[in-house]
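The values are calculated or read from the model by the stated rules, or taken from the named source; none is laboratory data. This structure is a prediction, so every number in the text was calculated from the model and none was measured. Every residue, glycine among them, receives a Cβ derived from its backbone with ideal geometry; neighbour counts consider all protein chains shown.
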Amino acid sequence: MKQHKHKKRFGQNFLNNQQIIDQIIVSIRPQSTQHLVEIGPGQAALTRPLLNIVNKLDIIEIDNDLITPLMTKFGKYPNFNLHHTDALGFDYSNLLVGTKQEKILRVVGNLPYNIASPLMFHLLSFAEIIQDMHFMLQKEVVDRITANPGSKTYGRLSVMMQYSCATEFLFNVNSENFTPPPKVTSAIIRLIPYKIKPFKAQCEQTFAKLVKLSFSQKRKTLRNNLKEYLLVKQIESCNIDPSIRAEKLGLEEFVKLADKLFEVKQ
Ligand code: SAM
């Protein structure tokens, strides 16, 4: 069989260690009645074990060269559905057919690192139909997503992801477990979109804007980063000290500031 040439532009680092593959599948806990979606199946390291368990598996792969091998291997499986397309532009609500249980998606993937953040945000726009997501990402990105206020890695990505999801670091995966090995350590993260958000902004666009502005210059205080949008006394009216930096604020405080900005804009 023709050897696959790994493509850097598609972030192709394929898992090569069965123990790690098993550990990922165990942490996903797939059940026979469930509907899973795998992004970037590659050479099917995770696809095969998932197909042997779940009721329905949709896979989304962009690389033309991987389509025929995947169809040859799995085309006959009744629970297998391949979408040869870009996961970034895909409409996940199109997958909602079948039984009630099949209308809730569980999304998994060893994600191409170059598109991981935009892809997670795209998926969050389908949060209502997603039960959970398990992703392999760069460890550094997992650290940022799961960071607490005040820590070095806490920033815009932490706040935006924690606004929508419960986030959980599961375990690290070293680079020798991939072919070819990436330059960085990877990690598995679990994201569970909230059915009811613990802190909900009146306007989510304003919230996203406020968070972006707050972190626009990391070394500057809130007062400085927000100076064209909120007065010092408006920040203080949220019980927030304008002389601190955004990295010290928790989710609830960002929501308070966003609601204040929304209020003054009206
Ligand atoms: N799941 C396999 C594994 O764990 O060995 C492959 C993972 S590899 C890191 C990423 C996979 O995502 C590749 O198969 C790549 O072709 C695919 N991919 C890259 N960009 C994509 C996109 N925009 N949409 C769908 N698949 C993509």
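Quick one: which residue in Gln43, Gln31, Gln18 is near the ligand (Cβ under 7 Å from one of its atoms) and modelled with pLDDT of 95 or more? So that I can check it myself, show each step before the final result.
Details: Gln31 fails: near the ligand (Cβ under 7 Å from one of its atoms); Gln18 fails: near the ligand (Cβ under 7 Å from one of its atoms).
Result of the check over Gln43, Gln31, Gln18: Gln43.
Where residues in the stretch 81-97 are within 13 Å of the ligand (Cβ to nearest atom) and buried (at least 18 other Cβ atoms within 10 Å of the Cβ), which of them is farthest from Ile130 (Cα to Cα)?
Residues of the stretch 81-97 that are within 13 Å of the ligand (Cβ to nearest atom), as a first pass: 82-90, 92.
Those left that are additionally buried (at least 18 other Cβ atoms within 10 Å of the Cβ): 82, 87, 90, 92.
Numbers: Leu82: 19, Ala87: 15, Phe90: 14, Tyr92: 9 Å.
Checking each candidate, the answer is Leu82.
Suppose we filter the stretch 142-163 for residues that are among the hydrophobic types (A, V, I, L, M, F, W, C) and touching a residue at least 60 places away in the same chain (Cβ under 8 Å); how many remain? Break it down stepwise before answering.
Of all residues in the stretch 142-163, those among the hydrophobic types (A, V, I, L, M, F, W, C) come to 142, 145, 147, 157, 159-161.
With the extra rule that they be touching a residue at least 60 places away in the same chain (Cβ under 8 Å), the set shrinks to 159.
Residues that pass the stated criteria total 1.
Check whether at least one residue in the stretch 100-113 is crowded, with 16+ Cβ neighbours inside 10 Å, in contact with a Ser or Thr (Cβ under 6 Å, 6 or more places away or on another chain) and not basic (Lys, Arg), and report yes or no. Break it down stepwise before answering.
Residues of the stretch 100-113 that are crowded, with 16+ Cβ neighbours inside 10 Å, as a first pass: 102, 105-113.
Then keep just the ones that are in contact with a Ser or Thr (Cβ under 6 Å, 6 or more places away or on another chain); that gives none.
The answer is no, given that none of the residues of the stretch 100-113 is crowded, with 16+ Cβ neighbours inside 10 Å, in contact with a Ser or Thr (Cβ under 6 Å, 6 or more places away or on another chain) and not basic (Lys, Arg).
Among the residues of the stretch 22-80, what is the count of those that are surrounded by 16 or more Cβ atoms within 10 Å (Cβ to Cβ) and of a type in the set (Val, Ile, Thr)?
Residues flagged as surrounded by 16 or more Cβ atoms within 10 Å (Cβ to Cβ) and of a type in the set (Val, Ile, Thr) within the stretch 22-80 amount to 11.
State the number of residues belonging to the stretch 53-74 that are more than 9 Å from the ligand (Cβ to nearest atom) and farther than 24 Å from Ile24 by Cα.
So the answer is 3.
Quick check on my filter: what residues within the stretch 176-232 are among the aliphatic types (A, V, I, L, M), surrounded by fewer than 19 Cβ atoms within 10 Å (Cβ to Cβ) and within 30 Å of Gln3 (Cβ to Cβ)?
Of all residues in the stretch 176-232, those among the aliphatic types (A, V, I, L, M) come to 184, 187-189, 191-192, 196, 201, 208, 210-211, 213, 222, 226, 230-232.
This time we only want the ones that are surrounded by fewer than 19 Cβ atoms within 10 Å (Cβ to Cβ), so: 184, 192, 196, 208, 231-232.
Passing the criteria: only Val184.
Residue pairs, Cβ under 7 Å, 6 or more apart or interchain, first in the stretch 31-50 and without any contact (Cβ under 8 Å) to a residue 24 or more places away in the chain, second away from the ligand (no atom under 11 Å from the Cβ) and not in a strand (DSSP E or B). List them.
If the second residue must be away from the ligand (no atom under 11 Å from the Cβ) and not in a strand (DSSP E or B), the pairs left are Ser32/Ile53; Ser32/Val54; Ser32/Asn55.
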